[in-house]
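This report refers to the structure that appears directly beneath it.
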Amino acid sequence: RPRGVAGIGEQASGLNRRYTFERFIVGSSNRLAFAACLQIAESPDGSRVNPMFIYGGVGLGKTHLLHAIGNLAQAKNPGLRVLYVSAETFTNDMVEAIRRQETSLIRNKYRTMDVLLMDDIQFLQRKEATQIEFFNTFNDLHNANKQIVLASDSSPQDMSQLEERVKSRFMWGMLTSIDSPEVETRTAILHRKAEDLGIVDFPNDVATYMAEHVTSNIRELEGALQTVYQHTSLQSQPLTLDVVQGILDPHAGDGETFRGQPVSTDTIQRVVAEYYHMKPTELKSKRRTKRVAMVRHIAMYLCRQLTDLSLVDIGRDFGGRDHSTVINGCVKIEREANRDPQLAEIVQQLTRRIAGKR
């Protein structure tokens, strides 16, 4: 008989073994979150900080820390039942369990864990039935002194579509934010990622230039390094500052930065729409076909990465959509780009085109 909920009867933890504390670059922007997560991983009995709630923008290391907690906790405590899951997966599991009239399955999967690590909590907004199930799951685990660690793009106070009683649970333990990394941390991250790519000699001046000019988040930094690596290796170019400037910023010789002058939403919408042979007005329209929605989400994601606009401002510029729609769109694109190299390359191409339109 097919299972109603993925993972039931299996020992799958959902953990990525590559994400460890040793591989996490610590700086002033994430030091508190790192220390708190390490403490939890070393004593995952729910007695220190429970729950732990980490929030911050896309691509700043929240997911890495969740996996690192699970990996270290299991290494120190063989047999510990640990589960990493996204709020979207939790929602899908609940829907499937209800459809099959086997709601006990979701309870067996989640409420028997010793450590629950749930990512993208903002996805629970506007999902009343899922919030009820999560609320009850949280209470059962917390009452049993089981460790709960949650991550979100937004602080609890900013999640207006979440029930107050759910938000209040998030406030029971410790809330800590992760901010955009400072230049020293970005430089260290670049050197670590260069090692991962097999770049034996990564010049300091190149790392410094990239760290000073790609400032949005770690994901964008990794994308820039990947772009440089592909260009130089495929074209047999030396990894020098002049070459890297030419790859990342055609206007670097004019004294401008890769980020350059502020980019407008109109520019991003125009470039993205043109790439997909659409009209910019379609991105602001109420059309919700799969293709239009995907392109709209890409444009929203780029607005979040390349501008300083708030989620509310971005939503307003896309036909008056609310901030939770913007968050969900950005999360979807980030997740798909991690799985799909072709989409990741398209996002990088669009970023370069937008930089050239300043």
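Taken together, the values in this text are just the output of simple stated rules run on the coordinates, not laboratory data. This is a predicted model, so every value here is computed, not measured. Please note: Cβ atoms are built from the backbone with ideal geometry, for glycine as well, and neighbour counts cover all protein chains shown.
The table that follows gives values for the structure above.
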{"item": "Computed [θ] at 222 nm, deg cm²/dmol, the chain (DSSP H ≥ 4; -39,500 (n - 2.57); rounded to nearest 500)", "result": "-16500 deg cm²/dmol"}
{"item": "Three-way shape call for the stretch 31-178 based on the alpha-carbon gyration tensor, with the a/c threshold at 1.5", "result": "oblate"}
{"item": "Cα shape, the stretch 79-143, gyration tensor, a/c 1.5 rule", "result": "oblate"}
{"item": "Exposure proxy order (Cβ contacts within 10 Å, fewest to most) of 192, 288", "result": "288, 192"}
{"item": "Pairwise FRET efficiency - residue 171 versus residue 287, Cβ, R0 = 41 Å, nearest 0.05", "result": "0.60"}
{"item": "Gain in span if fully extended, residue 235 to residue 338, counting 0.36 nm per residue against the direct Cα distance", "result": "34.6 nm"}
{"item": "Answer label, with Rg and Dmax of the Cα atoms in Å calculated from the coordinates and candidates [x] 21.3, 66; [y] 20.6, 62; [z] 24.4, 79", "result": "[x]"}
{"item": "Amide H contacts of residue 86 (H built 1.01 Å from N, under 5 Å, at least 5 apart or other chain)", "result": "119"}
{"item": "Listed residue (134, 148, 217) projecting farthest to the positive dipole end of the chain, Cβ model", "result": "134"}
{"item": "Acute angle (nearest 10 degrees) that the helix 87-99 long axis makes with the longest principal axis of the chain, alpha-carbon atoms", "result": "50"}
{"item": "Cα shape, the stretch 11-95, gyration tensor, a/c 1.5 rule", "result": "oblate"}
{"item": "Given 109/332; 127/290; 193/284; 109/193, the pairs whose alpha carbons are separated by over 32 Å", "result": "193/284; 109/193"}
{"item": "Segment residue 205-residue 132, length gained on full extension (0.36 nm per residue, minus Cα span)", "result": "21.0 nm"}
{"item": "Amide H contacts under 5 Å for residue 46, placed H, 5+ residues apart", "result": "147"}
{"item": "At R0 = 30 Å, FRET efficiency that the Cβ-Cβ distance of residue 108 and residue 32 yields, to 0.05", "result": "0.30"}
{"item": "Length gained when the stretch residue 188-residue 277 is fully extended (0.36 nm per residue, less Cα-Cα span)", "result": "28.1 nm"}
{"item": "All aspartates and glutamates inside 17 Å of residue 167 as judged from Cα atoms, apart from same-chain residues fewer than 8 positions distant", "result": "119, 120, 128, 133, 140, 153, 158"}
{"item": "Extreme residue, positive dipole direction of the chain, given options 246, 232, 177 (C-beta unit charges)", "result": "177"}
{"item": "Where labels lie 7 Å past Cα in the beta-carbon direction, separation of residue 322 and residue 96 in nm", "result": "2.8"}
{"item": "J(HN,Hα) series, the stretch 21-38, from Karplus relation 6.51 cos²θ - 1.76 cosθ + 1.60, nearest Hz, glycine and proline x", "result": "5, 5, 8, 8, 7, 9, x, 5, 6, 9, 4, 5, 4, 4, 4, 5, 5, 5"}
{"item": "Low-density loop positions, trypsin sites (Lys or Arg not before Pro), the stretch 14-47 - DSSP coil, at most 13 other Cβ in 10 Å", "result": "17, 18, 23"}
